[in-house]
Amino acid sequence: MKLPAGILSLLLPVAAIGQSYPGMDGGDMQNMMQQMQKMQTCMQSIDQSRMQAFEQQAKEVQAEVKSLCASGKRDEAQQKAVAFGQELAGDPDASKMMECTKRMSSSMPMMPFMDQAGDSGNSVKHVCDQ
C-alpha cells in the first residue's frame, strides 16, 4: 500500500523529529507507529485511483487559491477553497480518507513547535492568511 505523497510528507517529519525529541519517549513513538499502521490499513479500503485524483485536484486548487491570493482576490480565493472543501465533504471516498487520517492526528503527542503561538483553534482564518 502506497500512501499519497501529501499525507506521507506530513507524517515523515513528525516521525523523524520524534526520534530525537526529548518529550517523546519510546512508548509515544511506538503508539504513533501503530496508529500509522492502522491509518495505512484504513486507507487500503479506498480506491487508489480516487486517492490520486483527490491529491491532484487538491494541488490544482491550492495553486489556484495561491494565485488568487497573490492577485489580491481574497474573496474569490476563499470561495474556491470553501467550494472544494464542500465537494470533498460530500464525497464518500474523501470522507473515508479524512476519517483514516483523523485517527493518526489524534494519536500524536503534542509538541511545542506544532502549537500555533496563541492560536486557540477557535477562530476562522482566511485561506490567504494560512
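If a residue has to be hydroxyl-bearing (S, T, Y) and assigned to a helix (DSSP H, G or I) to count, how many in the stretch 49-94 make the cut? Looking only at that region, the number is 2. Filtered by the rule that a residue be open to solvent by less than 40 Å² (accessible area, probe 1.4 Å) and hydrophobic (A, V, I, L, M, F, W, C), the stretch 33-57 gives M36, M39, C42, M43, I46, M51, F54.
Any idea which residue in the stretch 19-32 is modelled with the lowest pLDDT, counting only those that are surrounded by 11 or more Cβ atoms within 10 Å (Cβ to Cβ) and part of a loop (DSSP other than H, G, I, E, B)? Checking each candidate, the answer is Y21.
Among the criteria (1) over 16 Å from the mean Cα position of the chain (by Cα); (2) in a helix (DSSP H, G or I); (3) β-branched (V, I, T), the one I46 does not fulfil is (2).
Among the criteria (1) surrounded by 15 or more Cβ atoms within 10 Å (Cβ to Cβ); (2) under 24 Å from D91 (Cα atoms), the one L68 does not fulfil is (2).
The values are calculated or read from the model by the stated rules, or taken from the named source; none is laboratory data. Everything numeric in this text was worked out from a predicted model, so none of it was measured. Cβ atoms come from the backbone with ideal geometry, glycine included; neighbour counts cover every protein chain shown. What goes into the accessible areas is simple: the full protein's heavy atoms, side chains included, and nothing from ligands, DNA or RNA. Shrake-Rupley method; radii C 1.70, N 1.55, O 1.52, S 1.80 Å.
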